[in-house]
Amino acid sequence: MATVGRTQTTDIAVHWKEEEYIHPPAGFVGQANLVDPVADERFSEKHFPECFREYADMLSWDRYWHTTLDTSTPPFWKWFSGGTLNACYNCVDRHLDRHKNKAAFIFVPESETEPTYTLTYQELFTRVNEVAAVLRDFCGLHAGDRVTIHMPMILELPITMLACARLGIIHSVVFGGFSGEAAGLRAADSESRVMIYADGYYRNGKLVEHKASADLAVECAGHEGQKIEKVLVWRRHPGQELLTTPMVQGRDYYMDELLKGYKRAKVAPVSMDAEAPLFLMYTSGTTGKPKGCQHRTGGYLAYVTGTSKYYQDIHPEDVYWCMADIGWITGHSYIVYGPLALGATSIIYEGVPNYPDAGRPWRIAERFDVNIFHTSPTAIRMLRKAGPNEPVKYDYHFKHMTTVGEPIEPETWRWYYDVVGKREAVIVDTWWQTETGGFLCTTKPALDPMKAGSTGPAALGIYPVIYDEAGKELPPGLERAGNICIRNPWPGIMQTIWKDNDRFVRQYYQKYCKDPKSTDWRDWPYFAADGAVLPPDGYYRILGRVDDVINVAGHRLGTKEIESACLTVPHVAEAAVVPVVDEIKGRMPVIYVALKPGVSDGRQVTDQIVTTVETMIGKIARPKAVHVVPDLPKTRSGKIMRRILAAISNTMDTGDVTTLANPEIVEQIRQQVQGEGPVVMQEGPEDVKRFGEQE
Ligand code: PRX
């Protein structure tokens with residue numbers, strides 16, 4: 001599978017033996033949403049694509065669709081053609097008749113002394129309408145316009161997203177921990193003329209000033225030729241000045257002040273075509289430029305609603321807590337759109353999981369009687385390390401838990417099951433991607449036994465296949481890893497890459513397309529860029545990325561993005577970024593650089609590199625180490641051999657290096673890195689994470 005010159009996280013995958021099955025607890029099975037043993041048959045290929053009506057029928061349509069799947073322009077599939085609906089109406093308005101006084105969200109501030117806030121569906125409706133009025137009447141935004149939202153985990157984030165959806169405005173949420181530059185680049189790519197910010201937020205007990213990022217974002221978007229006309233700023237404490245960064249007159253506006261003019265405004269939800277884009281979510285790929293994954297309204301909403309019901313097992317009376325950040329796809333699908341479409345009650349927590357101590361998540365769970373819990377292996381590893389016995393001190397009872405975003409090793413899985421779940425909760429290990437909108441592989445929680453470390457079988461209506469590089473199918477039980485692909489379209493799959501149809505086809509479909517002229521979906525497998533193995537029982541085990549993406553704490557970083565940032569440091573001649581195994585975060589980037597002739601102060605350059613990476617991408621991309629080396633190993637044609645550097649950093653065999661242009665450098669680098677020890681970047685005590693990311 002390996003390609004010369006590339007580093008693949010599959011190459012450093014941790015291998016473990018097959019684990020025992022664990023059956024779902026009877027208490028869970030007795031109440032589960034999906035208990036029908038013939039569900040697989042209902043969603044089998046024989047019934048495709050009509051099987052997905054089951055998910056679409058969970059929504060309220062303004063006009064019912066006439067064609068479930070239109071394959072006339074592959075791979076640009078169209079779902080539920082002819083249908084119209086509004087995503088905000090489905091998530092808010094339709095619950096008011098019966099549930100207006102039910103909590104939609106319970107906001108838990110990071111400080112334990114600040115009161116929590118319960119937002120009912122009625123109040124959510126009122127606030128979303130008022131914000132929609134600001135967007136429409138003050139900003140002049142219409143259906144199809146794009147808005148970039150760069151906000152932390154506060155209630156105003158989903159409120160703003162839903163206000164966009166109400167008007168058919170395409171939102172592009174950028175993770176709050178990304179830098180202003182990163183947000184500005186994304187705003188420029190999506191041609192947003194309005195950006196939405198918060199002035200600040202609490203993290204690790206400190207107020208983080210966020211408005212400064214807006215100024216950088218506007219400047220950066222300007223360099224790219226995109227003028228940001230308005231910046232709307234939510235205040236963490238309305239009416240209070242927290243800022244040290246001044247507001248720019250005529251450009252920056254406080255939302256609490258604007259909203260005074262739109263009290264009790266009502267904005268009718270705009271009925272959107274099922275295929276109208278709902279949002280963009282930028283993610284890293286093989287090139288330096290992040291790509292805007294464009295998700296559709298009807299298919300996406302149907303898919304996340306169906307999967308939230310069947311796999312997250314959300315009932316209206318549950319208290320659900322997904323500890324992801326809304327700035328990632330997990331938050332969009334499984335905090336905002338899926339759960340709200342089902343009328344769920346969700347916790348939104350502002351801060352880091354172990355603030356002020358490792359008992360915090362379990363105190364929140366006890367206080368609100370959370371019974372569905374959703375997080376990542378990195379967060380689980382971190383909480384286990386910080387407080388292995390904390391969960392037993394608290395009186396909470398989960399019926400269901402999720403792990404998502406990266407492979408989980410069986411030992412960590414067992415702690416999650418035994419200690420966090422108290423052996424009462426079922427666990428689903430859901431494998432999917434920003435591009436896929438919702439789950440691709442997972443156990444059906446009441447129907448399939450769990451197997452630690454394996455994601456499980458395909459989700460309903462998803463037909464995976466593992467191909468080798470030559471396109472030959474690897475049957476189950478072969479014990480060989482290959483590229484996992486999905487043979488069929490499904491409603492949650494992205495529509496395209498924003499403004500880049502060619503890249504969409506090239507990246508996801510070209511590799512295994514059987515006939516580019518065919519309009520038969522069977523000829524267009526989706527290439528997920530993950531390595532996987534399939535044992536005889538059909539439980540997929542995901543090994544990691546096969547492209548130039550590093551999965552840090554469940555978040556995707558492109559090696560090329562980090563390398564480009566390094567190359568902006570004046571003294572750097574060449575840079576290579578490789579993944580290295582990290583005990584908590586799964587993988588972290590390590591940077592190798594060669595300096596321009598005559599530069600001797602390596603330490604100073606190292607510091608500059610770290611600062612540059614943090615400024616251009618965000619602290620999430622902070623490297624585990626930076627190695628200044630005399631030269632980088634290269635092939636005779638001049639390609640940097642990242643695989644060799646990855647092998648060195650992970651103390652693995654570098655293999656045969658004799659064909660390189662500069663074979664002697666390998667041993668020199670190995671001695672430097674392994675002998676002298678790496679220049680490890682210091683992590684400050686404030687460096688705690690939600691989902692494991694660094695500030
Ligand atoms: O490598 C896979 C890994 O995360 C990648 C997708 O990252 P992103 O688009 O940021 O979406 C994260 C939330 C779904 C995948 O290509 N990944 C995701 N879930 C799992 C996983 N690896 C192993 N097991 C999982 N459950």
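For residue 77, are the conditions met, namely being hydrophobic (A, V, I, L, M, F, W, C), surrounded by 14 or more Cβ atoms within 10 Å (Cβ to Cβ) and either modelled with pLDDT under 95 or within 16 Å of the ligand (Cβ to nearest atom) (or both)? Show your work before the answer.
On the way: hydrophobic (A, V, I, L, M, F, W, C): yes; surrounded by 14 or more Cβ atoms within 10 Å (Cβ to Cβ): yes; either modelled with pLDDT under 95 or within 16 Å of the ligand (Cβ to nearest atom) (or both): no.
Considered against the rule, which asks whether it is hydrophobic (A, V, I, L, M, F, W, C), surrounded by 14 or more Cβ atoms within 10 Å (Cβ to Cβ) and either modelled with pLDDT under 95 or within 16 Å of the ligand (Cβ to nearest atom) (or both), residue 77 comes out as no.
In region 518-534, which residues are of a type outside the set (Asp, Glu), open to solvent by less than 20 Å² (accessible area, probe 1.4 Å) and within 16 Å of the ligand (Cβ to nearest atom)?
Correct list: 525, 526, 528, 529, 531, 532.
Just name the residue that is farthest from the ligand (Cβ to nearest atom) out of those in region 378-402 that are closer than 25 Å to residue 23 by Cβ and in a helix (DSSP H, G or I). First the steps, then the outcome.
So in region 378-402, the residues closer than 25 Å to residue 23 by Cβ come out as 380, 384, 391-392, 396-402.
When the remaining residues are screened for being in a helix (DSSP H, G or I), the result is 380, 384, 391-392.
On the way: 380: 12, 384: 18, 391: 22, 392: 26 Å.
For region 378-402, the residue satisfying everything is 392.
Report, by residue number, each residue of region 216-258 that is aliphatic (A, V, I, L, M), in a helix (DSSP H, G or I) and open to solvent by less than 30 Å² (accessible area, probe 1.4 Å). Even if it seems obvious, please write down each step before you answer.
Going residue by residue through region 216-258, those that are aliphatic (A, V, I, L, M) are 216-218, 221, 228, 231-233, 242-243, 247-248, 255, 258.
Pick out the ones that are also in a helix (DSSP H, G or I) and you get 216-218, 221, 255, 258.
Across region 216-258, the qualifying residues are 217, 218, 221, 255, 258.
Right, residue 192: in contact (Cβ under 8 Å) with a residue 24 or more places away in the chain, touching a strand residue (DSSP E or B) at 6+ places or on another chain (Cβ under 6 Å) and either assigned to a loop (DSSP other than H, G, I, E, B) or among the polar types (S, T, N, Q) (or both) or not? Steps first, please.
Details: in contact (Cβ under 8 Å) with a residue 24 or more places away in the chain: yes; touching a strand residue (DSSP E or B) at 6+ places or on another chain (Cβ under 6 Å): yes; either assigned to a loop (DSSP other than H, G, I, E, B) or among the polar types (S, T, N, Q) (or both): yes.
Against the criterion (in contact (Cβ under 8 Å) with a residue 24 or more places away in the chain, touching a strand residue (DSSP E or B) at 6+ places or on another chain (Cβ under 6 Å) and either assigned to a loop (DSSP other than H, G, I, E, B) or among the polar types (S, T, N, Q) (or both)), residue 192 qualifies.
Residue 481 versus (1) away from the ligand (no atom under 16 Å from the Cβ); (2) modelled with pLDDT under 95; (3) among the aliphatic types (A, V, I, L, M): which is the lone unmet condition?
It fails just one condition, (1).
Does at least one position in region 645-662 carry a residue that is open to solvent by 10 Å² or more (accessible area, probe 1.4 Å) and assigned to a strand (DSSP E or B)?
no
Quick check: anything in region 380-396 over 22 Å from residue 554 (Cα atoms) and either surrounded by 23 or more Cβ atoms within 10 Å (Cβ to Cβ) or basic (Lys, Arg) (or both)?
First pass over region 380-396, keeping only residues over 22 Å from residue 554 (Cα atoms): 389-396.
Next cut, either surrounded by 23 or more Cβ atoms within 10 Å (Cβ to Cβ) or basic (Lys, Arg) (or both) only: 391, 393.
Yes, there is a match, as at least one residue in region 380-396 is over 22 Å from residue 554 (Cα atoms) and either surrounded by 23 or more Cβ atoms within 10 Å (Cβ to Cβ) or basic (Lys, Arg) (or both).
Give me the residue from region 421-454 that is part of a loop (DSSP other than H, G, I, E, B) and of a type in the set (Asp, Glu) and, out of that set, least open to solvent (accessible area, probe 1.4 Å).
Applying the first criterion (part of a loop (DSSP other than H, G, I, E, B)) to region 421-454 yields 421-425, 432-433, 437-440, 442-449, 452-454.
Retained after the next criterion (residues that are of a type in the set (Asp, Glu)): 424, 448.
Working: 424: 70, 448: 23 Å².
Here the residue is 448.
For residue 541, which of the numbered conditions (1) of a type outside the set (Phe, Trp, Tyr); (2) away from the ligand (no atom under 14 Å from the Cβ); (3) out of contact with any helix residue (DSSP H, G or I) (no Cβ under 8 Å at 6 or more places or on another chain) fails to hold?
(2)
Test of understanding: among 329, 335, which residue is over 20 Å from residue 59 (Cα atoms), within 13 Å of the ligand (Cβ to nearest atom) and at pLDDT 95 or above?
Every option except 329 fails the conditions.
Name the single residue, out of those in region 403-417 being more than 7 Å from the ligand (Cβ to nearest atom) and among the charged types (D, E, K, R), that is nearest to residue 377 (Cα to Cα).
The residue in question is 409.
What tally of residues in region 577-597 results from selecting those that are buried (at least 24 other Cβ atoms within 10 Å of the Cβ), out of contact with any Lys or Arg (no Cβ under 8 Å at 6 or more places or on another chain) and aliphatic (A, V, I, L, M)?
Result for region 577-597: 2.
Could you please give the count of residues in region 382-411 that are free of Cβ contacts under 8 Å to residues at least 40 places away in the same chain and touching a His at 6+ places or on another chain (Cβ under 8 Å)? Spell out the reasoning first.
Going residue by residue through region 382-411, those that are free of Cβ contacts under 8 Å to residues at least 40 places away in the same chain are 383-384, 386-398, 401, 403, 411.
Right, trim to touching a His at 6+ places or on another chain (Cβ under 8 Å) and you get 401.
Total satisfying the criteria: 1.
Given the conditions (1) without any contact (Cβ under 8 Å) to a residue 40 or more places away in the chain; (2) of a type in the set (A, V, I, L, M, F, W, C); (3) open to solvent by less than 20 Å² (accessible area, probe 1.4 Å), report the number of the one that residue 38 does not fulfil.
(3)
Residues checked against (1) surrounded by fewer than 22 Cβ atoms within 10 Å (Cβ to Cβ); (2) within 16 Å of the ligand (Cβ to nearest atom); (3) part of a loop (DSSP other than H, G, I, E, B); (4) among the polar types (S, T, N, Q):
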| residue | (1), (2), (3), (4) |
| --- | --- |
| 469 | yes, no, yes, no |
| 477 | yes, no, yes, no |
| 485 | no, yes, no, no |
| 488 | yes, no, yes, yes |
| 505 | yes, no, no, no |
| 513 | yes, no, yes, no |
| 516 | yes, no, yes, no |
| 536 | yes, no, yes, no |
| 550 | no, yes, no, no |
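So, in region 276-300, of the ones that are buried (at least 20 other Cβ atoms within 10 Å of the Cβ) and over 16 Å from the mean Cα position of the chain (by Cα), which residue ends up farthest from the ligand (Cβ to nearest atom)? Spell out the reasoning first.
In the first step, residues of region 276-300 are kept if they are buried (at least 20 other Cβ atoms within 10 Å of the Cβ); the result is 276-285, 290-300.
Now drop any that are not over 16 Å from the mean Cα position of the chain (by Cα), which leaves 276-278, 296-299.
Working: 276: 23, 277: 18, 278: 17, 296: 17, 297: 20, 298: 21, 299: 17 Å.
Within region 276-300, the match that is farthest from the ligand (Cβ to nearest atom) is 276.
Only one of these conditions is not met by residue 341: (1) more than 16 Å from the ligand (Cβ to nearest atom); (2) open to solvent by 10 Å² or more (accessible area, probe 1.4 Å); (3) more than 22 Å from residue 502 (Cβ to Cβ); (4) modelled with pLDDT of 95 or more. Which number is it?
Single failed check for residue 341: (2).
The values are calculated or read from the model by the stated rules, or taken from the named source; none is laboratory data. Being a predicted model, the structure only gives us computed values, none of them experimental. Neighbour counts run over all protein chains shown; Cβ positions are idealised from the backbone, glycine included. We work out accessible area using only protein heavy atoms, side chains counted, and drop any ligands, DNA or RNA first. Shrake-Rupley method; radii C 1.70, N 1.55, O 1.52, S 1.80 Å.
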